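Asks: First the structure, then my questions, so here it is.
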Amino acid sequence: MNGWVEDYVRGYDGVRLRYSVQGHGEPALVLCDGLACDGFAWKYLKPELSPHHRIIHPHYRGHGLSGMPEDHSHFNIPDFARDILSVMDAAKLRKSVLIGHSMGVQVCLEFHRLYPDRVLGLILCCGPFETPLHTFQGTHLAELAFPFVKRVGLRFHKPLAALARQVFPTSLAYHATLMSEANPNLVKREDIMPYFDHLARMDPRAFFRSLEGAQKHSARDHLPEVDAPTLIIAAEQDKFTPLALSEEMHQSIRNSEMLILPGGSHVAPVEFPELMNLRITEFLRRHFGGMRAKLQHLHAHGVQKPGARDSD
C-alpha cells in the first residue's frame, strides 16, 4: 500500500464518512482535524510518518468529502468521536495513537472518554479541551456574539455559502489571516489556502452546528482520567487556543509532555513542520518503539499484523 487508499463507511446514524489510509507500521495513527478542516494541517506530517506508520485520516460529517447527517443537530463532539470509531472499525484498526489539531483536540479527548481501550496515546496540538469561544482572541466577545451569528448563519445559509465561494479562495482571506492570527514570517500562502478552499465549499450549516457542538463541549472533568501517553504541543502566539489553556491541560493530565513553539500561532503545524515532526517522531519512538519491533518480529515469522487487511 504505497499511496493513499480512500474509502467510505457509514457512521452510527447512517452518515457517509470519507477516510483515507496509507502506509504500514505500528502504532497506527489517526489524524483528527480541526473545525472546517479536511487535512491542511497534516501536509508535512503525513510524508514524514507514513513510511513508518499506518495513517488513517477521516473526514468528519459535513467536512471534506463526507456527507451531511439527516439530523443537523448531530454535530456534537461525541458525534465526531463516534465517526472516528466507525472509521477505525472499517479500517480494522483495534488501537491507535490519535493526533488532533484545534477542535480535533476535543475530539481526541472525547474519544478517550468514550473508548479508552481503543487509545494507545494522544498528541494534542494547538487545541482547547472545552468551550473554544470562551478564550478566542483573549476576550469573551466571540462567545457573546455567537448565538446571534449562528441564528443568522443558519437562516441565510444559502446566500452565505454563495458569498463564501467568492471570498474565501482569494488573497483577501489569506491576508486577513496574516493580520489576525498566523505568523507572516513563518507561514506560506500555499500552506494556508487549502483551508480556505475547503471552507468555501463547506455547508455553513455544518460549520455553525460544529462550532456550536464544540462550544458546548468540555473535557475538563476527564483530563485527570487520561492515562495514555500524551504529548501536548502549544504555540506561544496562538490566539485561538491561548498558551495558558494548553499549560492548564498539561498540568491536569498526569505525566503528559509539552512542547511550546516560540512565535508560533494556531497554524503551527505548517509553521514549524520540522520541529513538530522531530518531536512527534521522538515521542512515538520512545513510547511505542518496542511495540513496533515486536510486531515486526511477529510479521517476519508469518504472523499477520493486527488490523492489517488481507490484501496488505
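Asks: Test residue 34 against the stated conditions and say whether it is surrounded by 24 or more Cβ atoms within 10 Å (Cβ to Cβ), within 24 Å of residue 241 (Cβ to Cβ) and among the small types (Gly, Ala, Ser). Explain how you work it out, then say what you get.
Replies: Working: surrounded by 24 or more Cβ atoms within 10 Å (Cβ to Cβ): yes; within 24 Å of residue 241 (Cβ to Cβ): yes; among the small types (Gly, Ala, Ser): yes.
Answer is yes for this residue.
Asks: Related question: Across the range 181-196, which residue is surrounded by the most Cβ atoms within 10 Å (Cβ to Cβ) among those that are without any contact (Cβ under 8 Å) to a residue 60 or more places away in the chain, part of a helix (DSSP H, G or I) and touching a helix residue (DSSP H, G or I) at 6+ places or on another chain (Cβ under 8 Å)?
Replies: Restricting to residues being without any contact (Cβ under 8 Å) to a residue 60 or more places away in the chain, part of a helix (DSSP H, G or I) and touching a helix residue (DSSP H, G or I) at 6+ places or on another chain (Cβ under 8 Å), the top hit is 196.
Asks: Could we say that residue 133 is under 26 Å from residue 105 (Cα atoms), touching an Asp or Glu at 6+ places or on another chain (Cβ under 8 Å) and in a helix (DSSP H, G or I) here?
Replies: When the stated conditions are applied, residue 133 passes them.
Asks: Which of the residues spanning the range 210-234 are in a helix (DSSP H, G or I) and in contact (Cβ under 8 Å) with a residue 12 or more places away in the chain?
Replies: Result: 210, 211, 212, 213, 214, 215, 216, 220, 222, 223, 224, 225.
Asks: Please determine, by comparing only the residues of the range 96-142 that are farther than 28 Å from residue 273 by Cβ and of a type in the set (Val, Ile, Thr), which one is surrounded by the fewest Cβ atoms within 10 Å (Cβ to Cβ).
Replies: Among residues in the range 96-142 that are farther than 28 Å from residue 273 by Cβ and of a type in the set (Val, Ile, Thr), the one surrounded by the fewest Cβ atoms within 10 Å (Cβ to Cβ) is 139.
Asks: Select, from 89, 13, the only residue that is in contact with a strand residue (DSSP E or B) (Cβ under 9 Å, 6 or more places away or on another chain), surrounded by fewer than 21 Cβ atoms within 10 Å (Cβ to Cβ), of a type in the set (D, E, K, R) and outside any strand (DSSP E or B).
Replies: 89
Asks: Shifting gears a bit: Can you pull out the residues in the range 1-58 that are among the basic types (Lys, Arg) and under 18 Å from residue 77 (Cα atoms)?
Replies: 10, 16, 18
Here, each number is a calculation from the coordinates, and none is a lab measurement. Only a predicted model underlies this, so the values are computations on that prediction, with no experimental measurement involved. Methodologically, a virtual Cβ is constructed for each residue, glycine included, from the backbone with ideal geometry; neighbour enumeration extends over all protein chains shown.
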